Amino acid sequence: MTRRFISGLVSLHAPMYYFISVFAVLEILFVSIIVPKLLDILIAGRNRISFEACFLQLYCADTTGIVECYLLTVMVFDRHFAITSPFQYGIIMTQWYIKLAIFPWLVGLVAAFIPTIFTASLKFCGPNVIDHFFCDLAPLQNLACSDSYVSNLVTSITAIFVVLLPFIVIIGFYTHIIVTVLKIKSVEGKRKAFSTCSSHLIVASLFFITGIVVYVRPNGSDYDKFFALIYKVVTPLLNPFIYTLRNKDVKTSLLRTFIVFKEKYVVTFKCKFCKNELFSK
């Protein structure tokens, strides 16, 4: 049984599942930056944060957001390559998937630093109440005493390169994927090809649409807080369910894990209980 279980996990060692693993770690970090302080405000009522901690939260949140934008782009590239060049996919991606997974982190760490520095260089001498549930660029820029035009402009330009550009690339990849899949004669083949992309398409749509509304045109409105709540809290909460419940390989591996656990521990417990019962007699 163990051998069958291990053989069933081999399919999860593909580059696609490596990207999903990195994506899962990223989502944990993404939520951990925002939600603990949000709960501290809502439950304990501690709604104060230091200047340094606020900008640290800002930088970390922007970094993880940018990493997610580029990681989603890498993931759709992986699916595009697997569908359009299936025979070359295994050989090439085996050599490049680690580098492709590292690339979004490098972009995120560098790109998030630029608007953070421009925002931190503003003069804050007036109101100190942030009209948001976390330290974000637009609410902080609205609190500045000095002119925030340059900071807003830098934020919009950065957002074009880290949010809008990956979104356009993803649309281009999906357009080519759809054209390629439609050429497949088999209905079952079309279904399998589309099923490998459906989860990613749902996740990317939720994340990018809300992110573009907030950051490409940063104005700090009430609607921006609503959209920020979606991509900062709601979307990371839904992503694990979207990827696991819609993925046949993941569901099969979870079922096999449960079966092995049941056979190894439940049966052993019953046998030990039987021995104790016989011994007591």
Simple spin-label estimate for Ile178/Leu39, 7 Å along Cα→Cβ, in nm, reads 4.0 nm
What distance in nm separates the two pseudo spin-label positions at Ile114 and Ile98, each 7 Å out from Cα along the beta-carbon direction?
3.0 nm
Taking the solvent-accessible surface of protein heavy atoms with a 1.4 Å probe, what is the per residue accessible area of region 58-158 in Å²?
47 Å²
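With a 1.4 Å probe and all protein chains kept in place, how do Lys185, Lys37, Lys232, Lys192 rank by accessible area, largest first? Walk me through the numbers on the way to the answer.
Values: Lys185 195, Lys37 50, Lys232 0, Lys192 115 Å².
The residues order as Lys185, Lys192, Lys37, Lys232, largest area first.
If you take the Cα atoms of region 11-59, find Rg, then find the Kirkwood Rh from the mean of 1/r over all pairs, what is Rg/Rh? Walk me through the numbers on the way to the answer.
Values: Rg = 15.8 Å, Rh = 12.9 Å.
In region 11-59, Rg relative to Rh is 1.23.
Cα-based Rg of region 119-188 per 2.2 N^0.38 Å, rounded to two decimals? Mind showing how you got there, number by number?
Values: Rg = 20.8 Å, N = 70, 2.2 N^0.38 = 11.1 Å.
The value comes to 1.88.
Using a 1.4 angstrom probe on heavy atoms only, work out the carbon and sulfur share of the accessible area of region 131-182 in %. Can you show the working numbers first?
Working: 1790 of 2340 Å².
Reported share for carbon and sulfur atoms: 77 percent.
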With a point put 7 Å past each Cα toward its Cβ, work out how far Arg191 is from Ser32 in nm, to one decimal.
4.0 nm
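How big is the charge dipole of region 90-237 about its Cα centre, in debye rounded to the nearest 20, if each Lys and Arg gets +1 on its Cβ and each Asp and Glu gets -1 on its Cβ?
Numbers: 10 positive and 6 negative charges, 157 e Å.
Approximately 760 debye in magnitude.
The values are calculated or read from the model by the stated rules, or taken from the named source; none is laboratory data. These numbers were taken from a predicted model, which means no experiment stands behind them. All Cβ positions, glycine included, derive from the backbone under ideal geometry; neighbour counts span all protein chains shown. The accessibility values were calculated without ligands, DNA or RNA, using every heavy atom of the protein model including side chains. Shrake-Rupley method; radii C 1.70, N 1.55, O 1.52, S 1.80 Å.
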